[in-house]
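Worksheet: the structure to be examined is printed underneath.
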Amino acid sequence: MITIDEFRLIRDYVEKHCGIHLSDDKTYLVETRLTTMMFEQGCNTFGDLYNRAVLDKTHTLRDKIIEAITTNETFWFRDIHPFSILTELVLKQYADEIAAGKRNKIRFWCCACSTGQEPYSIAMTFLEFIRHYPRLKPENIEILATDISSTVLFLGKLGRYDNLAITRGLGEEYRDRYFVQNNKIWTISDEVKKMVRFQKLNLQESFNHLGKQDIIFCRNILIYFSLEFKQDILKRIAALLRPGGYLFLGASESIIMYTQEYEMQRHAMGLYYQVK
Amino acid sequence: MRILSVDDSAATRHFIKKAIDVLGFEFLEAGDGKQGLQILQRENGKVDLILLDRHMPEMDGMEMLEALKANEKYKDIPVTMVTVELERDEIHKAIDRGAKNYLIKPFSQENLIGKIMESLDISL
């Protein structure tokens, strides 16, 4: 059983190293996710585990703790509205700019991509879009997918999903068009796979090196961050977006009280933000 | 990649197989250490990783680990020892005897895949 002092030590440690803020009701989550690791490390208490992580100069244990704490709930086309907004508004605007010779690429960044469902959903949305807009080619889009967990990135890169994972939010039409079935495993087609580049990234570290982006998906992750880190990351995302660039958040997330750098916009049933 | 799961629980082997299928690796299975060694013999030692349950009838995980490490043909195959919580001494014993890694039941699919990646030195 984790003590309140141990929980606070680990809470502060996790927040310091990846920005994720664990509220007091996450005590159980910390206990269940770190118990195995505590035993694996030969520690008697969560306090021992914390001390071992602090002393580990290779940061291996730190990364393991962060990986165990971060959640990886993910769906295809999650909340659907961001993808409708892409098709009906955003891609159309950029397609017109490409056609007019004002740009050549559309740059996407999914900043917490988990096992690949979100970046692949963006890629499929784009492929569907260009079926009706044949002047655009898959080469006109770059999708960068990052996460803090090596395991989920490895799985995303593989692009193989079992029967349960494939059903979560994905319609049969897209499944049959963009996946190849082999027994109980569905593999994303090469056409979609090659549009997405996976890369390990801790959002707490600088991401300026990623270069300017047109559209950023930062969905269902801010909820885990402290107020200060939310403000910090939103500021850095605003700086990374090209003027007028788009930010998409999770359906239940709002940023208006944390930052003045974005304009909240509404389209049909969905919300999105544009950098001012 | 070929992964051999040696575990007397058919449910655990089934769970592991599902994760191995997602990875696209080949899955081999045995219900105890004796069967595990028979499979290795049959496959001429061509296995990349053994997920070895600590507690099994006939020949248990520690006995099979010792047999593997004493055999020139099998001694370099990485072994991940699968145990239950509260067996820290067993984990240390397994590592001392040559297991490369360990996995504690109950484990999630991600947990398992993470351990497989570590054991096979797979990085992005």
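Values quoted throughout were computed directly from the atomic coordinates according to the rules given, and no laboratory measurement underlies them. What you see is a predicted model; the values in this text were computed from it and never measured. Virtual Cβ from ideal backbone geometry, glycine too; neighbours counted across all protein chains shown.
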Nearest 0.05, what FRET efficiency do A:S84 and A:D48 give at R0 = 45 Å with Cβ-Cβ as r? 0.35
Positive dipole terminus of segment B:2-118, leading residue within B:M59, B:H92, B:H14 (C-beta point charges): B:H14
What does DSSP give for segment A:81-275 in terms of the percent of beta bridges that are antiparallel, rounded to the nearest 5? 45 percent
At A:Q260 and A:K137, where each label point lies 7 Å from the Cα along Cα→Cβ, what is the point-to-point distance in nanometres? 4.6 nm
Could you work out [θ]222 nm for chain A from helices alone, using -39500 (n - 2.57) per DSSP H run of at least four and dividing by all its residues? Round to the nearest 500 deg cm²/dmol. -12500 deg cm²/dmol
Counting pairs of alpha carbon atoms under 8 Å apart in space and at least six apart in sequence, what relative contact order in percent does segment B:54-101 give? 39 percent
What ranking of A:I256, A:I130, B:I16, A:I223 emerges when the number of other C-beta atoms within 10 Å of each C-beta is taken as an exposure proxy, fewest first? A:I256, A:I223, A:I130, B:I16
Assuming 0.36 nm per residue, please report the length gained on full extension of the stretch A:I223 to A:Y28 beyond their Cα-Cα distance. 68.4 nm
As an exercise, identify the GluC sites (Glu not before Pro) in segment A:34-142 lying in DSSP coil whose Cβ has no more than 16 other Cβ atoms within 10 Å. A:E73
Filter the cross-link list B:K34/B:K115; A:K193/B:K18; A:K102/A:K137; B:K75/B:K100; B:K17/B:K93; B:K73/B:K115 down to pairs whose alpha-carbon distance in this structure exceeds 18 Å. B:K34/B:K115; A:K193/B:K18; B:K17/B:K93; B:K73/B:K115
Stokes-Einstein at 20 °C, 1.002 mPa s, Kirkwood radius from Cα pairs: D for chain A in µm² s⁻¹? 107 µm²/s
From the convex hull of the Cα coordinates of chain B, what is the mean projected area in square nanometres? 6.9 nm²
For chain B the mean separation of alpha carbon contacts under 8 Å (6+ apart) over residue count, i.e. relative contact order in percent, is 23 percent
Two-site label geometry, A:T60 and A:I4: point separation in nm, points 7 Å out along Cα→Cβ: 3.6 nm
Return P(r) of segment A:48-145 (all Cα-Cα pairs; 5 Å bins starting at 0; whole %; ordered from short to long distances). 2, 11, 18, 18, 12, 9, 7, 7, 7, 5, 3, 1, 0
Let me spell out the model: positive unit charges on the Cβ of Lys and Arg, negative unit charges on the Cβ of Asp and Glu, origin at the Cα centre of the protein assembly as shown. What dipole size does that give, in debye rounded to 20? 1540 debye
For segment A:203-276 and segment A:101-125, distance of Cα centres in Å: 15 Å
Stretched fully, the stretch from A:D162 through A:H209 gains (0.36 nm per residue minus C-alpha distance, one decimal, in nm) 13.5 nm
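Could you work out how much longer the chain between A:A239 and A:E173 gets when fully extended? Use 0.36 nm per residue separation minus the Cα distance between them, nm to one decimal.
Values: separation 66, 0.36 × 66 = 23.76 nm, distance 3.79 nm.
Length gained, A:A239 through A:E173: 20.0 nm.
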With the crude spin-label approximation of a point 7 Å out along Cα→Cβ, what separation in nm comes out for B:S9 versus B:H55? 1.0 nm
